[in-house]
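Structure, as structure tokens:
The values are calculated or read from the model by the stated rules, or taken from the named source; none is laboratory data. Predicted model only: the values in this text are computed from it and were never measured. With ideal geometry, Cβ positions are generated from the backbone for all residues, glycine too; neighbour counts draw on all protein chains shown. Note: accessible area is taken over every heavy atom of the protein model, side chains too, but ligands, DNA and RNA are not part of it. Shrake-Rupley method; radii C 1.70, N 1.55, O 1.52, S 1.80 Å.
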Amino acid sequence: MYTAETSKTKEYEGRKLIGFSMDQIYDVVADVQNYKHFVPFCKTSHVFSKTDDTQKANLVIGFPPINESYTSKVTTIKPRLVKAECTDGKLFNHLNTLWLFSPGLKNNARTCVIDFSLSFEFKSVIHSHLSNLFFNEIVRQMENAFLQEAKRRYGRPCIKTVRLER
């Protein structure tokens with residue numbers, strides 16, 4: 001019996017209007033050194049190289065029974081973009097995240113729109129299977145972690161977060 005091979009690539013795209021300014025949410029997302037303190041499943045985050053618009057970091061992610069490290073190249077354009085790419089490929093065939101920040105409500109500079117996209121493919125079939133089971137929950141927790149960290153740093157958002165259609 002022939003079975004077609006299904007893609008192991010997982011992708012997500014989301015868009016939200018949030019009650020934090022572009023600068024505020026940019027500063028949270030670009031703060032790779034502190035991911036270990038607020039990003040779910042991130043056990044270690046160490047920036048070992050930094051220029052004005054790029055960072056290279058070693059990250060360890062873990063959720064039992066997996067604990068794996070990888071190197072990420074993070075490109076930043078303040079306050080509009082944070083892009084992260086896995087560059088060493090031990091755990092992932094690819095892992096790319098992209099955060100785009102744009103102005104929110106016309107009359108409120110303390111709001112912005114976040115466009116977030118994530119694409120990854122584990123090398124391991126077992127990891128791929130586990131990610132299929134928990135993918136939606138993991139993405140939801142990750143997105144919320146950045147908003148919770150913004151709230152911790154800057155206080156309550158000025159509006160309730162609204163999910164937008166793409």
Checklist (1) outside any loop (DSSP other than H, G, I, E, B); (2) acidic (Asp, Glu); (3) closer than 20 Å to Lys8 by Cα applied to Glu143, failing item: (3)
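Please pick out the residue among Gln33, Gln55 that is over 21 Å from Phe134 (Cα atoms), surrounded by fewer than 15 Cβ atoms within 10 Å (Cβ to Cβ) and touching a strand residue (DSSP E or B) at 6+ places or on another chain (Cβ under 9 Å).
Residue meeting the stated conditions: Gln33.
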Check on Val47, touching a Ser or Thr at 6+ places or on another chain (Cβ under 9 Å), open to solvent by less than 60 Å² (accessible area, probe 1.4 Å), part of a strand (DSSP E or B) and without any contact (Cβ under 8 Å) to a residue 60 or more places away in the chain: no
Quick one: how many residues across segment 106-143 are in contact with a Ser or Thr (Cβ under 6 Å, 6 or more places away or on another chain), among the charged types (D, E, K, R) and either modelled with pLDDT under 90 or closer than 16 Å to Phe92 by Cβ (or both)? 1
I'd like to know if segment 1-9 contains one or more residues that are touching an Asp or Glu at 6+ places or on another chain (Cβ under 7 Å) and modelled with pLDDT under 90. yes
Kindly indicate which of Leu100, Leu118, Leu91 is closer than 21 Å to Cys42 by Cβ and either basic (Lys, Arg) or under 16 Å from the mean Cα position of the chain (by Cα) (or both). Leu118
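One line per residue, one yes/no per condition, for (1) under 18 Å from Ala30 (Cβ atoms); (2) open to solvent by 80 Å² or more (accessible area, probe 1.4 Å); (3) touching a His at 6+ places or on another chain (Cβ under 6 Å); (4) outside any helix (DSSP H, G or I):
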site	(1), (2), (3), (4)
Thr76	yes, no, no, yes
Trp99	yes, no, no, yes
Arg110	no, yes, no, yes
Ser128	no, no, no, no
Phe135	no, no, no, no
Arg156	no, yes, no, yes
Arg166	no, yes, no, yes
Quick one: count up the residues across segment 112-126 that are closer than 19 Å to Tyr26 by Cα and exposed (fewer than 13 other Cβ atoms within 10 Å of the Cβ). 0
Quick check on segment 83-97: of everything there that is in a strand (DSSP E or B) and of a type outside the set (S, T, N, Q), which residue is nearest to His127 (Cα to Cα)? Phe92
Filtering segment 77-88 for residues that are closer than 20 Å to Ser21 by Cβ and more than 13 Å from the chain's Cα centre (by Cα) leaves a count of 4
Please state which one of Val82, Val139 is over 18 Å from Phe41 (Cα atoms) and of a type in the set (A, V, I, L, M). Val82
